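Okay, so here's the structure we're looking at.
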């Protein structure tokens, strides 16, 4: 079984179901890139955003949407992205956990914030099922 191929399929299926072309990235627990795919005519900007989303989710162990809230002016992580320019505050990045430990992160981009998050949440649910 090819883990990278098996893992990539859920987001492709979900994005097709939703009628959205996306880019998708997976990082390891250290935020290092492991898988990248662009489907159809996904927004060019998504090509650069999704690796950052996966990185951010892995190294912070949080959804990028939550990191953005914590990085707002006056919040606990205010200006975190100024200290690490690889951090992205754009929604669509989700951490992956196995046995309560960080295993990596994913980044989904190309649709609206809601679409990116819906696809990412689906992928995380499939990943969690595979790990059970």
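The values are calculated or read from the model by the stated rules, or taken from the named source; none is laboratory data. This is a predicted model, so every value here is computed, not measured. We place every Cβ from the backbone using ideal geometry, glycine too, and count neighbours over all the protein chains shown.
Side notes on the structure shown:
- Tallying residues that are crowded, with 21+ Cβ neighbours inside 10 Å and over 12 Å from residue 53 (Cβ atoms) within the stretch 75-103 yields 1.
- Some residue of the stretch 82-97 being under 16 Å from the mean Cα position of the chain (by Cα) and in a helix (DSSP H, G or I): no
- Any hit, the stretch 3-18, residues being free of Cβ contacts under 8 Å to residues at least 60 places away in the same chain and surrounded by 23 or more Cβ atoms within 10 Å (Cβ to Cβ): no
- The set of residues from the stretch 1-53 being touching a strand residue (DSSP E or B) at 6+ places or on another chain (Cβ under 7 Å) and at pLDDT below 90 comprises 4, 7, 8, 11.
- The stretch 105-132 residues that are on the phi > 0 side of the Ramachandran plot, paired with ones that are crowded, with 19+ Cβ neighbours inside 10 Å (beta carbon under 6 Å, 6 or more apart): 110/22; 110/23; 110/42; 110/46
- For residue 120, the stated conditions hold: it is under 19 Å from residue 19 (Cβ atoms), at pLDDT 95 or above and touching a strand residue (DSSP E or B) at 6+ places or on another chain (Cβ under 8 Å).
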